[in-house]
Amino acid sequence: MPALTPRKLCDLVVRALDDGKAEDIKSVDVRKLTSIADFMVIATGRSSRQVKGLADRVLEAAREKNLKPIGVEGEQTSEWILIDLGDVIVHVMQPEPRLFYQLEKLWEAPPKRSRAAAAPPG
């Protein structure tokens with residue numbers, strides 16, 4: 001079985017989260033920002049129970065493709081569960097930590113500045 005490309009793995013994760021009724025699913029291409037992963041997927045679960053269920057769905061979808069996570073953190077409280085699938089890092093969060101940490105803003109590429117805007121006033 002051929003390995004999944006990072007994009008196909010990201011799509012697999014997003015489908016698993018969507019099937020579990022995750023809210024506000026975002027995938028962020030971080031290839032130009034870091035070498036730790038190609039994509040970050042961030043999703044919200046309404047309760048600790050749903051966050052755990054969503055994480056379990058992602059892990060099961062990965063297992064079905066014979067993928068083992070590098071690590072899983074946060075399952076004890078299920079307020080924020082991080083799943084490291086290598087090329088894709090998944091954050092499943094309850095609404096409060098998601099709002100507080102705003103990971104999308106952290107990992108979005110900075111806006112490109114035009115030459116005129118970058119030039120010192122003269």
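At a glance:
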| read-out | value |
| --- | --- |
| Neighbour-count order for 28, 51, fewest beta carbons within 10 angstrom listed first | 28, 51 |
| Dipole of the chain, positive end: most advanced residue of 50, 74, 30 [Cβ charges, Cα centre] | 30 |
| Simple label model, 7 Å out from Cα along Cβ direction - residue 31 to residue 18, nm | 2.1 nm |
| FRET E, pair residue 104, residue 8, Förster distance 22 Å, beta-carbon r, rounded to 0.05 | 0.50 |
| Beta bridges by DSSP in the chain, antiparallel share as percent, to the nearest 5 | 70 percent |
| Count of Lys pairs (Cα-Cα under 29 Å; at least 8 positions apart or interchain) in the chain | 25 |
| Size of the chain as Cα extents on the principal axes (Å, biggest first) | 59, 38, 22 |
| Unit charges on C-beta of K, R, D, E only; dipole of segment 6-105, Debye | 160 debye |
| Nearest-ten-degree value, helix 48-64 long axis tilted from longest Cα axis of the chain | 80 degrees |
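We did not get these values from a lab; they are worked out from the coordinates using the rules stated. Being a predicted model, the structure only gives us computed values, none of them experimental. Note that we place each Cβ from the backbone using ideal geometry, even for glycine, and neighbour counts take in every protein chain shown.
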